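Trainee: Below you'll find the structure I mean.
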Amino acid sequence: MFDFSEPIGFTIFCDDIRDEVGGKTSLIGTYQSVMVIHAPFPATLPKFGFHIEILESAELAMERDFPIEISIYLPGDDEDKPSLSGTLPADPDGAKATLDNLPWRPTGMRPLIAHVTLNWIASPFPLKEPGAIRVLAKYKSDIIRCGSLQVIRAPAQAAAEETDHPGS
């Protein structure tokens, strides 16, 4: 069980994210831990989605006066240069967080938990090589690991490439 004295984050990786009637969100084609690519690298997907959530205690959310920086590293990226980056503002509506306006996740537990969600679609989505897609969030000076997805070549594709280019 988390005590939420520090924020945590997670990402659901998927093929598409759709806003539905009634405030619902559909995550289409979610990945568990591995994405298998059936084409040679470099490969380009038409679209790829990241459903990123940062969970923090209500106390931390009300004290937070800084943005949360999100960085997405694709296979082959330099450690200091993510392929995608953005910022979740401290107060997106221009109002300081209070118990009345926090984005609650109703859990019925203590401490009360607030969450910040970012749905991000990359289109097109180029992949230079196999490896890990990593999502990181900078929270003050701390780095929160928000998940990773391993990208691999399909075994048949890898064998075909090896036959086409032996010894490379």
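Any read-out appearing in this document is the output of simple, stated calculations on the displayed coordinates, not a laboratory observation. Source: prediction; values computed, not measured. Using ideal geometry, Cβ is built from the backbone for each residue, glycine included, and neighbour counts are taken over all protein chains shown.
Trainee: Assuming R0 = 22 Å, what is the FRET efficiency of Val21 and Ile121, from their Cβ-Cβ distance, to the nearest 0.05?
Mentor: Numbers: r = 19 Å, r/R0 = 0.87.
In this case the efficiency is close to 0.70.
Trainee: In addition: Using θ = phi - 60° and the Karplus relation 6.51 cos²θ - 1.76 cosθ + 1.60, list the HN-Hα couplings for the range 31-43 in order, rounded to whole Hz, with x at every Gly or Pro.
Mentor: Residue by residue, the range 31-43 yields 9, 8, 9, 9, 10, 9, 9, 9, 10, x, 8, x, 10 Hz.
Trainee: I'd like the projected area of the range 1-42, averaged over all directions, using the convex hull of its alpha carbons. Report it in nm² with one decimal. Don't jump to the answer; show the numbers that get you there.
Mentor: On the way: hull surface 23.0 nm².
The number I arrive at for the range 1-42 is 5.7 nm².
Trainee: Still on this structure, please answer the following. For the range 1-47, which trypsin sites (Lys or Arg not before Pro) are both in a DSSP coil and crowded by at most 11 other Cβ atoms within 10 Å?
Mentor: Details: sites: Arg18, Lys24, Lys47; in loops: Lys24, Lys47.
Sparse-neighbourhood loop trypsin sites (Lys or Arg not before Pro): Lys24.
Trainee: If you don't mind, another one. In whole Å and largest first, what semi-axes does the C-alpha gyration tensor of the range 1-83 yield when each eigenvalue is scaled by 5 and square-rooted?
Mentor: Semi-axes from the Cα gyration tensor: 29, 19, 12 Å.
Trainee: Could you pull out the chymotrypsin sites (Phe, Trp or Tyr not before Pro) across the range 1-64 that fall in loop regions by DSSP (anything but H, G, I, E, B) with no more than 15 other Cβ atoms inside 10 Å? Intermediate values should be presented prior to the final figure.
Mentor: Values: sites: Phe2, Phe4, Phe10, Phe13, Tyr31, Phe48, Phe50; in loops: Phe2, Phe4, Tyr31.
Here the chymotrypsin sites (Phe, Trp or Tyr not before Pro) that fit, given the DSSP loop and packing criteria, are Phe2.
Trainee: Remind me, relative contact order of the range 1-67 in percent, using alpha carbon pairs under 8 angstrom and six or more residues apart? Spell out each step's value before the answer.
Mentor: Working: 74 pairs, mean separation 29.8, N = 67.
45 percent.
Trainee: Still on this structure, I have one more. Mind listing the long-range amide H neighbours of Phe125? Cut-off is under 5 Å, sequence gap 5 or more, other chains count too, H placed in the peptide plane at 1.01 Å from N.
Mentor: Leu45, Lys47
Trainee: Pull up the cross-link candidates among the lysines for Lys128, meaning alpha carbon to alpha carbon under 26 Å and not fewer than 8 places away within one chain.
Mentor: Lys128 reaches Lys47, Lys81, Lys138.
Trainee: Skipping prolines and chain starts, which residues have an amide H placed within reach, meaning under 5 Å, of the one on Gly147, given they are 5 or more residues away or on another chain?
Mentor: Val135
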